[in-house]
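Undergrad: One structure, as structure tokens, below. Some questions next.
Just so you know, all these numbers are worked out from the coordinates, no wet-lab data involved. What you see is a predicted model, and the numbers here were worked out from it, not measured in a lab. Virtual Cβ from ideal backbone geometry, glycine too; neighbours counted across all protein chains shown.
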Ligand SMILES: O=C(O)CCC(=O)C(=O)O
Ligand SMILES: [Fe+2]
């Protein structure tokens, strides 16, 4: 078995033990309380919105910061014993995924003829502090057929995401499906991504869209039950790569990328992360679903 998957199998065990802690312990590690910028800690089920009428989500998650796992920088990393006892496995998994991400970044930089020193890989220097995170997720079973979609449709805010899971549920909406305001036809257009053991699903995140002026499109996705089925209990893990926090998310210089029509104000990766977290919590005044879906005017 490839090392990523043998380590992922161990991390799924860690997840089961983590989410089996009692609520009092889990709440002591609440990411909203112990982490500035939500890069560490526990999120209970129901904290995020999944639609405009305010339905709450159906999953728990636990975020572990890359800097904490590798003891880099000054990130606060309080964590429970199950995590402390598994640091070797977590480091091995993240190291392999960082290596894979570096290959993908270099390949995309070459294809887009980016200048030396301005390639995607140059904004992801893992020797320096980085806002990348490993997110462990537990979706709760919902016995209702046609019940709520447990995860908000969203794009990932960073650059690349690796999703590993053996249970179906991940859905994507093709980049050429645009919503026509008020016409909820998109329900029919979601496509399931079949999980395959030994394979990761790699999603592009918003930072890649911003840095290529829309040439590379962040993937709009969500998690839901298979048609005609109830939502099963589902464990997944997502490794979310993000450029260094101070990176300006502006269009890179490439003969293949159209420059922006007008020089707008660029945000840093840190600022973009903050906007996105507000949108996930249903805080509309920061741009709401437009931010949540990476600029695509859709939220079901
Ligand atoms: O659970 C999954 O398959 C996807 C998770 C996800 O989209 C995320 O954590 O951003
Ligand atoms: Fe995601």
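Undergrad: Please give the length that would be gained between residue 27 and residue 99 if that part of the chain were fully extended, namely 0.36 nm times their separation in residues minus their C-alpha to C-alpha distance (nm, one decimal).
TA: 22.6 nm
Undergrad: I'd like the distance separating the alpha-carbon centroids of region 215-281 and region 2-79, in whole Å.
TA: 19 Å
Undergrad: Tell me the mean residue ellipticity at 222 nm calculated for the chain from its helices only (DSSP H runs of n ≥ 4, each -39500 (n - 2.57), averaged over every residue, nearest 500).
TA: -8000 deg cm²/dmol
Undergrad: Would you mind checking region 143-167 for residues with the amide N under 17 Å from a putative spin-label position 7 Å along Cα→C-beta of residue 196?
TA: 162-167
Undergrad: Let me check the size of the chain from its C-alpha atoms; what are the radius of gyration and Dmax in Å?
TA: Just the Cα atoms of the chain yield Rg and Dmax of 18.6, 55 Å.
Undergrad: How much of the calculated P(r) for region 1-62 lies past 14 Å, in percent of all Cα pairs?
TA: The answer is 66 percent, as a whole percent.
Undergrad: Still on this structure, please answer the following. With r defined as the distance between the Cβ atoms of residue 92 and residue 263 and R0 fixed at 41 Å, what FRET efficiency is calculated, to the nearest 0.05?
TA: Between residue 92 and residue 263 the formula returns 0.40.
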